[in-house]
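The values are calculated or read from the model by the stated rules, or taken from the named source; none is laboratory data. Quick caveat: nothing in here was measured; it's all calculated off a predicted structure. All Cβ positions, even for glycine, are placed from backbone atoms using ideal geometry, and neighbour counts span all protein chains on display.
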């Protein structure tokens, strides 16, 4: 079982991201369970959502304690929430920032983990460019697909088409493709 | 058709497939997504004919459901928590009048302190209202129970609550097989009311009943639930033959053959418990699970025969009878009266407190060794409790309990794990 925790703020599409990740996994024939942190979410307040992916039926309902991956949609949360709690040593971290991991003071922390498993992606900028709004969730999902290899870009696009229509869908697909390419190129 | 779908949306799809004719709705978390989705289906005429009535309160939601059902319409509503309490008088009336309304309860704690998260206090507070209560383990079962509930309710002319854990199920995206309209139509015949308000054949419903007849009317409500004990397994088995899936029934067992210790619970926590039981079985522990699907009627005989061959049982419940202990545990212990079993109660998950496998492992092992007190409060912060008790000893004006505990714990937002 692969367990993903997504941190962000109300309004950034954190819950939507977890749901769409589960749809992408479902499109690949896998079992997936996405759920929010059940808070009374408000715009700007810290929000957490979870997604489990497995080849077998997922029965457990506990919140994700040990994470195989953490996606952080807002880097200001680094100072507010224990976003890396329970991250496995071989776990993945994808952070939304236009600054490098070193600039964010995460260089040493990343070095202590498996090489190439940490990535900083300017997802807000990608979102603004393609969707016209500072929503980083879809670019991060595509970036996560590239970083972890857990799901295919086509499945992320499938989940986008399941959720959105018309210009919103095509903008999100373009954003996903760019994010996927960026992460792939950097990890080559 | 297999879909990756939110629990609330899946339930809305299932309810729509049951062709309700009147849906009354008043929003309250965590139930709101269900009636919102149904509202969209009625507006787009995907669900037709159906009248969708926005009401001003939960009291009105149940009152309108009563009126609709009495007029011969298949009626549906959904609620949770304080919403269920607010409609309580009408809830009892629906059962007392024998009206087969189906209501989803997205189980949520009851305040004060105000809390929007999951436990079973709300529907269990309506234990004696005369409504049947069926608990879903996952979203597939929530879907399947709604279809079975309309059939059972209308056959017996008694209302049913389909209970699903708020947020944990209602807001979870998971794989659900949504049946086809043909399958549901083959299973669920059109509503044939036992009583109907019809201007061309006027009757009254809701007579004043004095001491000379009240007990008989009440007994008949009990008799209906005893009939349900017979019908629930039959309807589940008929469901399996139409839909090819096993869901519903009175109780379910998991790995209880040769089990010395059996964990008894209801709702979504069963999934987590099954995982722990598998892990413990791998280590050689003789442990199993008894799932209560039908809380009302309570299947005394089935619970007894499921537990009779174990040595001890632990009822893990998301509810608390303040001043007494467990609510579900009381019924389970009643079922095994005289059987000489050790019985334990664990109160867990109140107000959405997450239940972790890492907590269940030691709890189940303690039960196995018969080292538990009669009632355990899982993950209770004794330091916080004792600090407040001490404060109350020290100062008369100790202030509001909830605010004190929050302050002591330094809480600014809900914990996530």
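What to note about this one:
- Boolean, residue B:59 is under 18 Å from the mean Cα position of the chain (by Cα) and either modelled with pLDDT of 95 or more or not assigned by TED's automatic domain parsing to the domain that holds residue B:20 (or both): no
- If you filter segment B:256-267 down to residues that are within 19 Å of residue B:369 (Cβ to Cβ) and surrounded by fewer than 20 Cβ atoms within 10 Å (Cβ to Cβ), you find that the one that is modelled with the highest pLDDT is B:260.
- Residue match in segment B:312-326 (condition: within 14 Å of chain A (Cβ to nearest Cβ), in a loop (DSSP other than H, G, I, E, B), in contact with a strand residue (DSSP E or B) (Cβ under 9 Å, 6 or more places away or on another chain) and modelled with pLDDT of 95 or more): yes
- Inside segment B:155-178, residues that are away from chain A (no Cβ under 14 Å) and in contact with a helix residue (DSSP H, G or I) (Cβ under 6 Å, 6 or more places away or on another chain) make up a count of 7.
- Of all the listed residues (B:48, B:44, B:29, B:8), the sole one being over 30 Å from residue A:24 (Cβ atoms) and either in contact with a strand residue (DSSP E or B) (Cβ under 9 Å, 6 or more places away or on another chain) or without any contact (Cβ under 8 Å) to a residue 12 or more places away in the chain (or both) is B:48.
- Among the residues of segment A:152-188, the ones that are touching a helix residue (DSSP H, G or I) at 6+ places or on another chain (Cβ under 7 Å), assigned to a loop (DSSP other than H, G, I, E, B) and under 23 Å from residue A:120 (Cβ atoms) come to 1 in all.
- Residue match in segment B:268-275 (condition: without any contact (Cβ under 8 Å) to a residue 40 or more places away in the chain and more than 14 Å from chain A (Cβ to nearest Cβ)): no
- Qualifying positions in segment B:277-290 - farther than 26 Å from residue B:162 by Cα and in contact with a helix residue (DSSP H, G or I) (Cβ under 6 Å, 6 or more places away or on another chain): B:287
- Residue match in segment A:126-143 (condition: assigned to a helix (DSSP H, G or I) and farther than 19 Å from residue A:20 by Cβ): yes
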